Amino acid sequence: WGPRSAALVRSTVRRLHRSRCSFTFCARQPHPEERVCLRIGGKVFCTGEAQFLDDLNRWSVLLISPFIHPEKLLPAEHIAFVTESISAQTENLQKGPDSSKEIVKWSDFCSPLAYKPGEPFKLIAEASVDNFSSLGIAFLEDRLQMENGMVPHRIVSVHLEESALKELAQEAPSVKEKSTEMEAVTPAGNSALGRAEQDKSKLEEEGEHEETGAGEHHHLHVSSCHECQQLENITIESVKFASAENIPELPEDCSSRGEQKEHECVQKGFKRTNLAGKPPNILVYLGSEAAKGRFEQVKSVLSACIDAESYTVYQLHQEQVLRDPWADNSLLLLIATEEPIPEGIHRQFMTFLSKGGKILGFSSSFTFGGVQIKHRNKLRRVVHELVVSRKDSTEVKLNLLVSGCVFEEGMKGDGSRVKVLSRLNNAAKDTVIVHLTHGSSGGEAILSQAHLELDINSMDVQTEEDFNLLKMSNSKRYEVLREILTCLGLSCELSEIPELTPIYLLSPDEEIHLAFLKWLEGNVDAEGLRPSSKVSLKFVSSCESKVEVTPSLVPVITETGSFSSQHFSLETYQQHLQTKKLGKILLFTEVAMTTMNLLDG
């Protein structure tokens, strides 16, 4: 079947999932009664007789999972399955999947329901038919990642007996008890299951039974409950419809959703700040160098070039590269170390590029494609004149400190992928800045062997003449750096900081609005103030109240008659909102320092 093996898995699961059969993906020889559909390396996909899971006494329910409402457990077109995983040390297995391939995270494609500790560690989960197929395909192709430090060994679909579910639901422990228990049984503390528990939303809706069919308060378990996800998605979609701006699709749980490509994100009408639909983070990788001063130095130069109101700059430590999901949460990776790049880290950087990421290298050994680095010791730490090609086809000359390395010219056979941006103004015309593209998702890198990132005062120059040359070229250095950052999709236009605006208390339902105002009466002081350690809210009836908006005090206007905005339509929001209570009270403001602190406490 070759590359069509994925199609075979999907068509088989779609065709047979309603019949009384089971699907198994495993790393062992199939049993005689199992029919092998596909074999890839040492792994097989096979079908067999239906497997029933009727004894759940040894399983522990996760959170307030759908097990508590068995009648709502599996929506139409969903499959329940058991994933067995073993520790990476067992049988000397490698930790994790092949990082050179597109990784599929187990928790992104299913909802965990219950677990059984031991070896193997077992998890019951549910997923749509296509998501179940995606997990199986990733398992067969060594691309499936369990987020609890384990290695997946077997995935098998099961039929859940309703009587067993009801019995288990009665014994379901509280969330608080489960938190302690999960920490004890999960092989790694930062597992997806533990995180789903820790990240459950603090939103709570009175009378949730109108939405969920239960007569008690329920948290919105956005990480693990399809019903709550749908409720939240409806509210978010209503905001999108009612907003003048297009809101980009940000990655969920710090990871891209499987086979959804980033170029499908909403892009229209945006500054170049966030075309990839990623959070506006810039990461600086300095290798094993722990010097805080080095990071601050690079950050200071960056901050002088980019729109500081649009981006946040963080340091990416060496140990975080292979551990944390940074690739899905960054627009630009800046590599500023002369240390050799370890092979595993280099693979992660290439994966970042293949997903549409941008890389800027400053005197780094990082390279790929047809470009190679050549050492020229006589150029090291010496000021040289560079000729830089600009976007408008003009050239700019400036003096910069060079790393002692140049890029080899053995790249002419692949001219569509590599572009020379700068050469030394010497007899050899050595190449020192190149632009490379990678993959089909817009990944690109600009690599420089000239120290664009070093401030004039931090350079170790040998003569006063060199110092003066660098000083005279300083403004051109920033000019070149801004053009490079713009080429990589960042905004270098400094925006004017807008003034803070008051908040409007809005509601598309008059009855709920009045009920909320009545509740407010008992929850503010005589002056209408709701104090907080970060941002206090002062409730006023109209915008005529002369209350100054400050970072620590924001007036909330409760009379909706005076509300109007070019950026938000309450009527459109109401038309698209399909919930009964969720999303009926809104706080709207044009400009805020941060929304994180508004409801703190």
Checklist entry - Can you find even one residue in region 129-139 that is at pLDDT 80 or above, outside the structural domain of ARG323 (by the TED database), out of contact with any Cys (no Cβ under 7 Å at 6 or more places or on another chain) and assigned to a strand (DSSP E or B)? => result no
Item to check | Out of SER354, SER365, SER389, SER393, sole residue that is among the polar types (S, T, N, Q) and either crowded, with 20+ Cβ neighbours inside 10 Å or without any contact (Cβ under 8 Å) to a residue 12 or more places away in the chain (or both) | outcome: SER393
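For PRO340, state whether it is touching a residue at least 60 places away in the same chain (Cβ under 8 Å), out of contact with any helix residue (DSSP H, G or I) (no Cβ under 6 Å at 6 or more places or on another chain) and surrounded by fewer than 19 Cβ atoms within 10 Å (Cβ to Cβ). Let's see the steps before the verdict.
Numbers: touching a residue at least 60 places away in the same chain (Cβ under 8 Å): no; out of contact with any helix residue (DSSP H, G or I) (no Cβ under 6 Å at 6 or more places or on another chain): yes; surrounded by fewer than 19 Cβ atoms within 10 Å (Cβ to Cβ): yes.
Criteria not met by PRO340.
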Item to check | Identity of the residue in region 351-364, among the small types (Gly, Ala, Ser) and within 27 Å of the chain's Cα centre (by Cα), that ends up modelled with the highest pLDDT | outcome: GLY361
Checklist entry - Does any residue of region 518-534 turn out to be open to solvent by 50 Å² or more (accessible area, probe 1.4 Å), in contact (Cβ under 8 Å) with a residue 60 or more places away in the chain, out of contact with any Ser or Thr (no Cβ under 8 Å at 6 or more places or on another chain) and on the phi < 0 side of the Ramachandran plot? => result yes
Next on the checklist: Among the residues in region 430-439, are any buried (at least 22 other Cβ atoms within 10 Å of the Cβ) and acidic (Asp, Glu)?
Outcome noted: yes
Checklist entry - Taking region 541-553 as the region of interest, how many residues are modelled with pLDDT under 85 and open to solvent by 80 Å² or more (accessible area, probe 1.4 Å)? => result 2
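Condition check ((1) outside any helix (DSSP H, G or I); (2) in contact with a strand residue (DSSP E or B) (Cβ under 7 Å, 6 or more places away or on another chain); (3) open to solvent by 50 Å² or more (accessible area, probe 1.4 Å)) across all residues:
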{"position": "HIS513", "(1), (2), (3)": "no, no, no"}
{"position": "PHE539", "(1), (2), (3)": "yes, yes, no"}
{"position": "PRO555", "(1), (2), (3)": "yes, yes, no"}
{"position": "THR572", "(1), (2), (3)": "no, no, no"}
{"position": "GLY583", "(1), (2), (3)": "yes, no, no"}
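How about region 1-37: which of its residues are acidic (Asp, Glu) and open to solvent by 50 Å² or more (accessible area, probe 1.4 Å)?
Restricting attention to region 1-37, the residues satisfying the condition of being acidic (Asp, Glu) are 33-34.
Result: GLU33, single match.
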Checklist entry - For region 451-474, what are the residues that are at pLDDT below 85, over 18 Å from GLN297 (Cα atoms) and open to solvent by less than 40 Å² (accessible area, probe 1.4 Å)? => result ASP466
Checklist outcome for this item: Matching residues in region 269-308 (closer than 19 Å to LEU488 by Cα, open to solvent by 50 Å² or more (accessible area, probe 1.4 Å) and either aromatic (Phe, Trp, Tyr) or modelled with pLDDT under 75 (or both)) number 5
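The values are calculated or read from the model by the stated rules, or taken from the named source; none is laboratory data. As the structure is a prediction and not an experimental result, all values here were calculated from the model. For neighbour counting, all protein chains shown are included, and Cβ atoms are generated from backbone atoms with ideal geometry for every residue, glycine included. For the accessible areas, the whole protein counts, side chains as well, though only heavy atoms, and no ligand, DNA or RNA atoms are used. Shrake-Rupley method; radii C 1.70, N 1.55, O 1.52, S 1.80 Å.
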